[in-house]
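These notes are about the structure you will find just below.
The values are calculated or read from the model by the stated rules, or taken from the named source; none is laboratory data. For clarity, every value in this text was computed on a predicted model and none was experimentally measured. All Cβ positions, glycine included, derive from the backbone under ideal geometry; neighbour counts span all protein chains shown.
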Amino acid sequence: MRIHTSDAIVLRHGDYGEADRIVSFYAREVGLLKGFARHARSSRRRFGAALEPFARVRVQWTAPRGEGLVSLREVELEDLRAGLRSRLDALALAAYGCELVEELFGDGAPHPEVYELLGAFLDVTAEGGEDLAGLRLLLEMRLLRAAGYVPHLLHCSECGDAGGEGVFFAAARGGRLCADCVSGAGLRLSSLTLGTLARCLQTPDTLFRGFRFGAQTLQEGGAALVEALALHLDRPLRSLVFLERFLASPKVPESR
Ligand SMILES: [Zn+2]
């Protein structure tokens, strides 16, 4: 039986029966990987802390005969990212990042760039020292790009107009809209906010340190990204409710 190996991030785990666990990983080589960890609960020695959410691990598994969970043989802990466990707001943001990756990239195809991006995001969130709302904005922008869903930011998505300070945003219509094209509901925001979002994509995907976003960018940009992501998610994310207890939810600006 062939043994497969990959670097991976533990996304979450659940109990199964009396003794076992089901664990979801995001693996560099294969993307979303769901495995069955036999005796993970009855014998602590079997996997130790290596199945804890957000940990960076090296996982070995064998594939099932047909559909279904892979069988986990060994999971070696490389970094627990222990800093996440000392702050509830950081923990909530990490859980949100993991759920977002699972929902957007759980298609069974490998996306090594998403593995690197999520790993760098979790590292910085665990180490602390950065504004969590800014980390969230960067993560959302970059995941949208990795999924091929970046909305129009610098030009009106309908007429291409790039002027105007006060503009609108409607994810379902492609993103930015000028005052002439909006003719319905749209978030009202500053073109500077959308310019800042666009500039986030000119930096390396794994760079999360050293950004400073103003309150207006976090509020307006955050609301636009919530809308842009919702368009591509089948259901509201469970972790978002928990996250919003800690990070003020981006308020939807006045619409018209
Ligand atoms: Zn227009």
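Restricting the search to segment 33-61, which residues are over 26 Å from residue 123 (Cβ atoms) and assigned to a loop (DSSP other than H, G, I, E, B)?
38, 39, 41, 42, 43
Can you find even one residue in segment 112-133 that is farther than 30 Å from residue 30 by Cβ, in contact (Cβ under 8 Å) with a residue 12 or more places away in the chain and in contact with a strand residue (DSSP E or B) (Cβ under 9 Å, 6 or more places away or on another chain)?
no
Run down 72, 84, 88 and say which single residue is out of contact with any Lys or Arg (no Cβ under 7 Å at 6 or more places or on another chain) and exposed (fewer than 15 other Cβ atoms within 10 Å of the Cβ).
Residue meeting the stated conditions: 88.
Take the residues of segment 239-248 that are surrounded by 13 or more Cβ atoms within 10 Å (Cβ to Cβ) and assigned to a loop (DSSP other than H, G, I, E, B): which is farthest from the chain's Cα centre (by Cα)?
246
Among the residues that make up segment 32-51, is at least one of them of a type in the set (D, E, K, R) and in contact (Cβ under 8 Å) with a residue 40 or more places away in the chain? Can you show your working first?
Step one: list which residues in segment 32-51 are of a type in the set (D, E, K, R), which gives 34, 38, 41, 44-46.
Those left that are additionally in contact (Cβ under 8 Å) with a residue 40 or more places away in the chain: none.
Within segment 32-51, not a single residue is of a type in the set (D, E, K, R) and in contact (Cβ under 8 Å) with a residue 40 or more places away in the chain.
Just to check your reading of the model, which residue among 236, 204 is at pLDDT below 95 and surrounded by fewer than 12 Cβ atoms within 10 Å (Cβ to Cβ)?
After applying the criteria, what remains is 236.
Of the residues that sit in segment 139-170 and are at pLDDT below 95 and more than 12 Å from the ligand (Cβ to nearest atom), which one is surrounded by the fewest Cβ atoms within 10 Å (Cβ to Cβ)?
Within segment 139-170, the match that is surrounded by the fewest Cβ atoms within 10 Å (Cβ to Cβ) is 165.
Which of the residues spanning segment 57-69 are surrounded by fewer than 19 Cβ atoms within 10 Å (Cβ to Cβ) and touching a residue at least 40 places away in the same chain (Cβ under 8 Å)?
Once the filter is applied, which keeps residues that are surrounded by fewer than 19 Cβ atoms within 10 Å (Cβ to Cβ) and touching a residue at least 40 places away in the same chain (Cβ under 8 Å), segment 57-69 yields 58, 60, 62, 63, 69.
Restricting to segment 171-186, what's the tally of residues that are within 13 Å of residue 153 (Cβ to Cβ) and more than 9 Å from the ligand (Cβ to nearest atom)?
Residues meeting the conditions: 3.
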